[in-house]
Each structure stands twice: as structure tokens, then as C-alpha cells.
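To start, the structure itself, in C-alpha cells.
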Amino acid sequence: MSGAGTLRVAVVGDTHLRGGLDRLPPAVVERIEASDVVLHTGDVLDGDTLDAFAALVGDRPFHAVLGNNDHELVRRLPDRLELELAGVRVAMVHDSGLSAGRAGRMRRWFPTADVVVSGHSHEPWAVEGLDGQLLFNPGSAVQRRRQPHRTMGALELAAGRVTAAEIVVVDD
């Protein structure tokens with residue numbers, strides 16, 4: 001853990017890599033190596049890539065959820081995951097649905113979560129949902145699609161609070 005009890009969380013999603021991490025931008029690898037916890041919001045694609053992420057993370061916690069393209073990982077990854085990190089209740093799901101009604105839907109799906117981390121759209125965002133719930137999507141570090149940049153997320157958590165939530169551009 002970094003100084004003063006702050007937990008640094010690297011958040012990646014929609015990496016769409018097959019067979020390993022060769023095409024993962026160096027900036028992502030650096031952020032992962034400097035983090036205390038790594039979250040992946042789905043669309044890893046295959047077991048070799050999931051194992052490569054786990055190897056990169058090493059003995060630090062690594063949590064991932066099943067994406068709509070993770071057909072090979074159906075029995076290995078959960079659809080949804082809820083965990084506590086530094087006293088912050090974090091929920092993970094790949095697809096948070098359409099933007100219309102998202103805040104209410106996330107509060108219904110995860111009524112006790114302080115943060116909901118999702119993926120699927122490749123669109124990065126860090127917005128306040130209902131009752132202060134943080135809705136966080138890291139975008140994609142590999143496939144930017146209609147976005148101007150490839151991105152990942154960084155969260156800092158301490159003493160039951162989110163102290164920082166950042167979308168990080170990771171273009172080479």
C-alpha cells in the first residue's frame with residue numbers, strides 16, 4: 001500500500017487481447033506494476049490472457065468480471081462481483097446498460113456499493129450516480145473505438161473514502 005494508508009487501484013477493461021499482453025500499452029503495465037490492487041471490467045477474451053494479467057499483478061489482489069466476449073471464461077469469472085477495498089464497497093459489472101437510467105439501475109443492482117466499476121462501452125467516465133455512488137468506467141486501453149484516446153482508470157481509496165478517481169490516457 002502507498003503512503004498514509006492509501007490503496008492505489010488500477011482499473012482496466014475491454015482489453016480484447018488474445019493469448020497474452022503483447023499489445024498492452026507500456027503505460028498500462030507501469031500503472032499496474034505501481035498499483036496495490038488491479039480490477040478488470042471484462043472482455044479479457046481467453047484464459048491465457050487472464051493468466052498473463054494475473055502474472056503481471058503477481059501477489060497483489062486481482063479481480064475480474066465476465067465480459068460479453070469472454071466465452072472461454074464463463075466458468076472462471078463471475079458476472080458481478082462485490083468487494084471491500086480500504087473500507088470502500090466496490091461493485092463490478094461488465095455492462096451497466098444504456099446511459100439513460102444508469103444511475104438508478106446501478107443503485108438498484110448494487111444498493112450498498114460506494115463505487116460501481118463497469119466496462120463494455122469503451123467510453124471512459126467517472127460520474128456521480130445516486131446518493132453519491134461513483135460510477136466509473138476506465139474505457140479501453142487497447143481499442144479506443146469512437147474515443148479520442150485509449151484509457152484506463154486509477155482510483156485511490158483510503159479510510160472508507162474514494163480520495164481520487166482518474167481516467168488516464170495511455171496512448172503510446
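What the table below lists for this structure:
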| read-out | value |
| --- | --- |
| Length gained when the stretch A100-T112 is fully extended (0.36 nm per residue, less Cα-Cα span) | 2.2 nm |
| Nonlocal amide H pairs with D70, under 5 Å, H built at 1.01 Å | D43 |
| Sorted peptide list for 24-33, 85-94, criterion being average Cβ within 10 angstrom, highest first | 85-94, 24-33 |
| Within the chain, helix-based [θ] at 222 nm, where runs of 4 or more DSSP H residues each add -39,500 (n - 2.57), nearest 500 | -4500 deg cm²/dmol |
| Förster radius 30 Å - calculated FRET efficiency between A55 and D172 (Cβ-Cβ, nearest 0.05) | 0.85 |
| Built amide H within the under 5 Å cut-off of V142, gap 5+ | T151 |
| Antiparallel DSSP beta bridges within segment 3-169, as percent of all bridges there, nearest 5 | 65 percent |
| In sequence order, calculated HN-Hα J values of segment 24-34 (Karplus, 6.51, -1.76, 1.60; Hz; x Gly/Pro) | 6, x, x, 4, 5, 4, 4, 5, 4, 5, 8 |
| Extension gain (nm, one decimal) between A159 and N68, 0.36 nm per residue minus Cα-Cα | 29.4 nm |
| Amide proton proximity set for D46, modelled H, under 5 Å, gap of 5+ | G19 |
| Selected from G153, G42, G20 as most flexible by GNM, with the chain as the system and alpha-carbon contacts under 10 Å | G20 |
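Every number in this text was worked out from the coordinates using simple rules, so none of it is lab data. Worth saying up front: this structure is predicted, and the values here are computed from it rather than measured. Cβ: placed from backbone, ideal geometry, glycine included. Neighbour counts: every protein chain shown.
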